[in-house]
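Worksheet for the structure shown next.
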Amino acid sequence: DVKVTQSSRYLVKRTGEKVFLECVQDMDHENMFWYRQDPGLGLRLIYFSYDVKMKEKGDIPEGYSVSREKKERFSLILESASTNQTSMYLCASSLDFRVRGNEKLFFGSGTQLSVL
Amino acid sequence: AQSVTQPDIHITVSEGASLELRCNYSYGATPYLFWYVQSPGQGLQLLLKYFSGDTLVQGIKGFEAEFKRSQSSFNLRKPSVHWSDAAEYFCAVGGATNKLIFGTGTLLAVQP
């Protein structure tokens, strides 16, 4: 089974801190994604990466950056955490959708981040 | 622009009743369409997906969905709901760009 592992299940940080959320997948997937999930807003795409060192902005990239130095690891960085970034963060990975049968995201269990 | 609308925030059905969850999408090319389910405290699980071909797709747990291009819809259905189906359901659209956009979700409650 594909495994997508997020380093922390719960995280509490202070306003202004630099925060790193780590995600690792073990199936050699090209694509990796970061979403945040908020009640009533569903999952919103922050950033995604389709290859090492490649990234694209999603719908809500402001206040976030990402890093993908190795294929299996995709990091989400909050340069200066703010209270409105308190949320559930979900990492996902997939193979290239252009190959038939690959169209599926595998999700990690999420990191609940609280910024105080 | 790529977007998904789930017009129903919350739906309550009786156990054994039929279910239809609505999903409308906007996408400039041939869409890939998905339904995911999230049970309380759990991660997201893929129910079914549409890529091409037969517009009625079957998924796990007895769910099906129908792609209607003329209506830009991909509604999820189940003929008889079980109490264990209570969860949040997300519709998503993607394509060859590999970017997957989700809707805001529909929370399903099942009455005994």
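Here's a check for you: in region B:59-104, which residue that is more than 23 Å from B:Ile9 (Cβ to Cβ) and open to solvent by 50 Å² or more (accessible area, probe 1.4 Å) is nearest to the chain's Cα centre (by Cα)?
By that ranking, first place goes to B:Ile60.
Could you tell me which numbered condition B:Leu44 fails, if it satisfies all but one of (1) on the phi > 0 side of the Ramachandran plot; (2) out of contact with any helix residue (DSSP H, G or I) (no Cβ under 8 Å at 6 or more places or on another chain)?
Checking B:Leu44 against (1) on the phi > 0 side of the Ramachandran plot; (2) out of contact with any helix residue (DSSP H, G or I) (no Cβ under 8 Å at 6 or more places or on another chain), the one that fails is (1).
Could you tell me which of the residues B:Leu56, B:Leu107 is farther than 29 Å from A:Lys55 by Cβ, surrounded by fewer than 16 Cβ atoms within 10 Å (Cβ to Cβ), modelled with pLDDT of 90 or more and touching a strand residue (DSSP E or B) at 6+ places or on another chain (Cβ under 7 Å)?
B:Leu56
Test B:Ser52 against the criterion of being assigned to a loop (DSSP other than H, G, I, E, B) and free of Cβ contacts under 8 Å to residues at least 60 places away in the same chain, and give yes or no.
yes
Any idea which of (1) at pLDDT 95 or above; (2) under 25 Å from B:Thr106 (Cβ atoms) is the one A:Phe48 doesn't satisfy?
Failed condition: (1).
Restricting attention to strands (runs of 3 or more DSSP E) lying wholly within region A:3-116, give those where 1 or more residues are within 18 Å of B:Phe102 (Cβ to Cβ) and either within 12 Å of another protein chain (Cβ to nearest Cβ) or open to solvent by less than 40 Å² (accessible area, probe 1.4 Å) (or both).
The strands (runs of 3 or more DSSP E) meeting that bar are A:4-6, A:19-25, A:31-38, A:42-51, A:54-57, A:64-70, A:73-78, A:87-94, A:111-115.
Scan region B:28-80 for residues that are of a type in the set (Ser, Thr, Tyr) and more than 14 Å from every other protein chain (Cβ to nearest Cβ) and jot them down.
Passing the criteria: B:Thr55, B:Ser70, B:Ser72, B:Ser73, B:Ser80.
Out of B:Thr5, B:Thr12, which single residue is among the hydroxyl-bearing types (Ser, Thr, Tyr) and more than 14 Å from chain A (Cβ to nearest Cβ)?
None of the others qualify; the one that does is B:Thr12.
Can you tell me which of (1) out of contact with any Cys (no Cβ under 9 Å at 6 or more places or on another chain); (2) surrounded by fewer than 17 Cβ atoms within 10 Å (Cβ to Cβ) is the one B:Val13 doesn't meet?
Among (1) out of contact with any Cys (no Cβ under 9 Å at 6 or more places or on another chain); (2) surrounded by fewer than 17 Cβ atoms within 10 Å (Cβ to Cβ), the lone unmet condition for B:Val13 is (2).
Just to verify a result, which residue in region B:86-100, among those that are small (Gly, Ala, Ser) and assigned to a loop (DSSP other than H, G, I, E, B), is farthest from the other protein chains (Cβ to nearest Cβ)?
This residue is B:Ala86.
Every residue in region A:1-23 that is β-branched (Val, Ile, Thr) and closer than 19 Å to A:Asn84 by Cβ, please.
Scanning region A:1-23 gives A:Val12, A:Thr15, A:Val19.
Limited to region B:55-74, what total is found for residues that are more than 19 Å from B:Ser3 (Cα to Cα) and assigned to a strand (DSSP E or B)?
4
The values are calculated or read from the model by the stated rules, or taken from the named source; none is laboratory data. In this text, all values refer to a predicted model and were calculated from it rather than measured experimentally. All Cβ positions, glycine included, derive from the backbone under ideal geometry; neighbour counts span all protein chains shown. Each accessible area value is taken on the protein alone, full model and side chains, heavy atoms only, with ligands, DNA and RNA left out. Shrake-Rupley method; radii C 1.70, N 1.55, O 1.52, S 1.80 Å.
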